[in-house]
Amino acid sequence: MSIHFARSAARAVTAGFLITLFAAGCATREPAPVEDRTARPAPKGPTATPAPPPAPTATEIEARPQTYTVKRGDTLHQIALDNGLDYRDLVTWNGIENPNVIRVGQVLRLTAPENATTATGVTTAPLRGAPPVAPEVKPVPASPPVAAVARPGDNLKSAPKALKEPYSEHALREIAAASAAATSPTPSPTPTPTPSENTPVASAKPEAKPESATPLTAADNGDSDRLDWTWPAKGKLIGAFSETANLKGIDIAGTAGEPVVASAPGKVVYAGTGLRGYGKLIIIKHNSIYLSAYAHNREILVKEGQQVTRGQKIAEMGNTDADQVKLHFEIRRLGKPMDPVRYLPPA
């Protein structure tokens, strides 16, 4: 008995020890994290790419300032060039007595007032509505004459002959032939015989060619699509256009006296030395949008107001106000300098 009791006590002590160890191990274990799934956000879809800003409208691109305030160092010729205008128009629109005298702070009009005459001789006036057009009254066609109806006592000779003849196949054929002749008076065309190899054939008369398009002049309001540009001089390109470096055109090297030609047809709106840094300068107005400038010439061969054609010699290359013989060439769109290489044909 004692031995059995001792074994039972030992087993009870061992079980109690194991229970104590298990409870201690459970007491040191960290509780599992609890996740609240009730407020879990919904999964996001693919991020939408923001729409690009709207492109500027044609009105915003083509809009010009209405006025300009003169700053120190400005000249009327430079203001006209920077705004794509003829300086003589600025003189007329602003009532300037001396083009070489403008005041700092003076506000200049950059658009023509109503009923103003430009340097090209064109009078501008506000648009008026067209006069009302009276509706066209078309004449009512006259009704075809109605055949007279025979009445008792009328002369039966005025009635159709077919009514007097008895019915027969012969009379029916005559009536059908007479009706066909009345409704189709024009004879059918005679078929043209097919010419044989030995039969001479008359040459057809050549069709008239359409008239060629009128060359663009300074009075036209077209864009570059109607301007056929050409290189203003032959030589090596030594200076490229750059907006960041404020290089407003290209430089073409050459020798003194080489010809400088008009890059496109237009009207000479300036010829002189009034713009600092350009030397002897020529400015041609091609249309209401484009100007071109030719600087550092040795000699100027055209006058202001003169019409020139594409490729016409207008100057001789030189080095006035430059460190070497070269042509500085600019193309300006609404007064803004553009890269001439984009407009000129491949060299």
message: I'm checking my understanding of the structure. Among residues of segment 263-298 that are over 29 Å from the mean Cα position of the chain (by Cα) and basic (K, R), which one is modelled with the lowest pLDDT?
response: R276
- prompt: Among (1) surrounded by fewer than 22 Cβ atoms within 10 Å (Cβ to Cβ); (2) over 17 Å from G257 (Cβ atoms), where does N319 come up short?
  reply: (2)
query: Consider V260 against the criteria (1) over 18 Å from G84 (Cα atoms); (2) surrounded by fewer than 19 Cβ atoms within 10 Å (Cβ to Cβ); (3) at pLDDT 95 or above: it satisfies all of them except one. Which criterion is unmet?
result: (2)
- line: Within segment 74-101, the residues that are farther than 20 Å from K336 by Cβ and either in contact (Cβ under 8 Å) with a residue 12 or more places away in the chain or not polar (S, T, N, Q) (or both) are R88, V91, T92, W93, N94, G95, I96, E97, P99, N100, V101
field: Scan of segment 244-262 for residues that are assigned to a loop (DSSP other than H, G, I, E, B) and touching a residue at least 40 places away in the same chain (Cβ under 8 Å), ordered by number
entry: K248, G249, G254, T255, A256, G257, E258, A262
- request: Quickly run through segment 265-291 and pick out the residues that are of a type in the set (G, A, S) and surrounded by 24 or more Cβ atoms within 10 Å (Cβ to Cβ).
  value: G266
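The values are calculated or read from the model by the stated rules, or taken from the named source; none is laboratory data. Note that the coordinates shown come from a computational prediction; the quantities given were computed from them, not determined experimentally. Every residue, glycine as well, gets a Cβ built from its backbone with ideal geometry; the counts of neighbours run over all protein chains shown.
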